[in-house]
Each structure stands twice: as structure tokens, then as C-alpha cells.
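*Asks:* After the C-alpha cells below, expect a handful of questions from me.
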Ligand SMILES: O=C(O)CCC(=O)C(=O)O
Ligand SMILES: [Fe+2]
């Protein structure tokens, strides 16, 4: 297997963002220290124990999976606000939006015997043909070690830049092997999928996905974290889950700023929906040109699990 793009926590966020722009992914080691990891496991263990495995093929028949992580897990709230993480995500998505937002949060706990997931693009939610500007920057936190045997995430480096229609072959797939506490970040247009768990232990990953704040979130954060709960969160987290403007004049409530409405600080009159800072930021982002809007069929790609598992 070719060397994975791996960085230390002390790396410059811009360098990590560049690796994600070039190769579609990066791994940062030691994002969680031993205490944070222990707190996270302590919170996740009862949630995992209380959740039945298996839903359907894509979700994994031997996978314990649940979302709404920010409502359920305090340590996940800390992780979502990690300054290094946010700087990297800003570096990846920032040129294409005025605001970043949290798009999905959840746990993927692969039990022994789980088979490989279909390779897919998370950004396939949105009807853009590839290549497209970055829409999603996904993160996968290794709660256990991620190994070749226990189902470390498969990735196809560079596939975020491929033309629509190109599908991966086995020699193009790598596995994100990383010790517990590491963080995998990837562009949502990179082909990837959970691996097969051929070990005797579970593989636990925590996903926190970000996206351009002008897109609808995959997980409905307003219902996952309703106002009475969100009010107890740090303000930056309130903003990241969507209690914020997604751009100038995008997402107001009764013509007022949603964060001010949430926290009861909105005035009586129409709110200031185009604060200067937001407008200045808008001037620095790119306006996109859609080169083609011809309809085309959408499909998922399945690679044979055994073939890919044998790739080196
Ligand atoms: O479990 C993994 O490693 C990846 C899961 C995934 O990509 C997904 O469910 O969208
Ligand atoms: Fe995925």
C-alpha cells in the first residue's frame, strides 16, 4: 500500500488543507489525547450497547450506527469545535462559502464479520456531476485503532478530481489505517467506504461532517438539536449546526438573525441580515459557474470486497 498522507497535530492547518485539495484526504494523528479518548469511549459505550446493529446493506447489517451525536455526547461537542479541525475545514470549504456548517454527526461501529460497504461519494447527495467544487469535508475519528483487519475506511485518493463516470479499480484503493485518537478528513467527493471487519473486535469511528452552509444538511440539525438543547451549547457550536445565517440573507427567521432569535437577543425591528463581516467574507468567496446542467442518471459503484481487500 502506498504511504498515507499523515500529519502530526502540530502541522499547519493550511498544509493539511492542501493535501486534502490535492489527494482528497489527510490523516492527523493524536487529535484526541488519552483522557479525551477515555471520555469519548465512556459516553459512546452505553449508546452503542443500546443500539441494535443492522438496517440495510449500505448502512451495514453488522454495523451499529446512530446519528444525532452532538445531542448525545458532550465529548463530540468538544471535538466539533477543535480549532485545528475547524481551520482545516475552513481551508477546504472556505473559498466556496461564506459559512461552513455541520452536515452530519454519527457513529459507525463495525462488528466482527461486517462486510465491506459499497464505495460511494458522500457528496452524491447533491446533484452535481464530478468534478465539482468541494461540497463536503467529512471527518472520521478513530475511537479504536483502524486496521486493515478490522475495517479501516477504504479511500480512493484523488478520486474527487475524476470525471463523472470513472470508477475505481482495486489498485487505486487504500485503507486509512490509523491508531485510536487519529482523525481522517476527506473531501466528500472521494470514493470511500467502510472496510470488512475480519478481526475479533469492533471498529468504532465517529463521523463529524461539514459542508458549505448554503446546502441543506444531510442530518436535520434543528430537529437533532432543538432550540432548548442548542441554547446550552457554546455559541460557535450553535452557529455550526445551523443557528446562523448560511450566507448573506440566507436562513433568517422573521427577518432576524437565527442566532439572535435562538438566544433571545434579537431586537423588535427587522434584524441586520447583511452584517459587514458577512458581506466582506462573501466578497472573498467564489461565485460558481455550472458548466453543464444536463440531466444524467445516478448510480452507485460496487467493488468486489475480496478483490479490494487484497489490494496492496
Ligand atoms: O465506516 C466507515 O469507515 C465509512 C462509513 C461511510 O462512509 C458512510 O457510512 O457513509
Ligand atoms: Fe460515506
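The values are calculated or read from the model by the stated rules, or taken from the named source; none is laboratory data. Bear in mind that the values here come from a model prediction, so they are computed numbers and not experimental data. Reconstructed Cβ throughout: ideal geometry from the backbone, glycine too, with neighbour counts over all protein chains shown.
*Asks:* Has segment 267-282 got any residue that is on the phi < 0 side of the Ramachandran plot, in contact (Cβ under 8 Å) with a residue 60 or more places away in the chain and in contact with a strand residue (DSSP E or B) (Cβ under 7 Å, 6 or more places away or on another chain)?
*Replies:* yes
*Asks:* Next question, about the same structure. Please go through segment 114-136 and give me each residue that is within 15 Å of ligand 1 (Cβ to nearest atom) and part of a loop (DSSP other than H, G, I, E, B), ordered by number.
*Replies:* Selection gives 114, 115, 116, 117, 118, 119, 121, 126, 135.
*Asks:* Among the residues that make up segment 220-236, is at least one of them in contact with a helix residue (DSSP H, G or I) (Cβ under 8 Å, 6 or more places away or on another chain) and on the phi > 0 side of the Ramachandran plot?
*Replies:* Checked segment 220-236: no residue is in contact with a helix residue (DSSP H, G or I) (Cβ under 8 Å, 6 or more places away or on another chain) and on the phi > 0 side of the Ramachandran plot.
*Asks:* Which of the residues spanning segment 1-21 are part of a helix (DSSP H, G or I) and in contact (Cβ under 8 Å) with a residue 40 or more places away in the chain?
*Replies:* Selection gives 13, 14, 16, 17, 18, 20, 21.
*Asks:* Need the failing condition index for residue 98 against (1) under 15 Å from the mean Cα position of the chain (by Cα); (2) away from ligand 1 (no atom under 12 Å from the Cβ); (3) surrounded by 22 or more Cβ atoms within 10 Å (Cβ to Cβ), just the number.
*Replies:* (1)
*Asks:* Of the residues that make up segment 38-58, is at least one assigned to a loop (DSSP other than H, G, I, E, B), in the same structural domain as residue 197 (by TED's automatic domain parsing), in contact (Cβ under 8 Å) with a residue 24 or more places away in the chain and touching a helix residue (DSSP H, G or I) at 6+ places or on another chain (Cβ under 9 Å)?
*Replies:* Looking for residues that are assigned to a loop (DSSP other than H, G, I, E, B), in the same structural domain as residue 197 (by TED's automatic domain parsing), in contact (Cβ under 8 Å) with a residue 24 or more places away in the chain and touching a helix residue (DSSP H, G or I) at 6+ places or on another chain (Cβ under 9 Å), one finds none in segment 38-58, hence no.
*Asks:* Same structure, new question: Listed residues 263, 259, 187, 197; which is buried (at least 18 other Cβ atoms within 10 Å of the Cβ), outside the structural domain of residue 126 (by TED's automatic domain parsing) and either closer than 23 Å to residue 76 by Cα or within 16 Å of ligand 1 (Cβ to nearest atom) (or both)?
*Replies:* Going through 263, 259, 187, 197 in turn, the sole match is 259.
*Asks:* Any residue at all in segment 105-125 that is touching a strand residue (DSSP E or B) at 6+ places or on another chain (Cβ under 8 Å), under 20 Å from residue 238 (Cβ atoms) and in contact (Cβ under 8 Å) with a residue 24 or more places away in the chain?
*Replies:* So far as segment 105-125 goes, yes, one or more of its residues are touching a strand residue (DSSP E or B) at 6+ places or on another chain (Cβ under 8 Å), under 20 Å from residue 238 (Cβ atoms) and in contact (Cβ under 8 Å) with a residue 24 or more places away in the chain.
*Asks:* Name the single residue, out of those in segment 151-168 being crowded, with 23+ Cβ neighbours inside 10 Å and part of a loop (DSSP other than H, G, I, E, B), that is nearest to ligand 1 (Cβ to nearest atom).
*Replies:* That would be 153.
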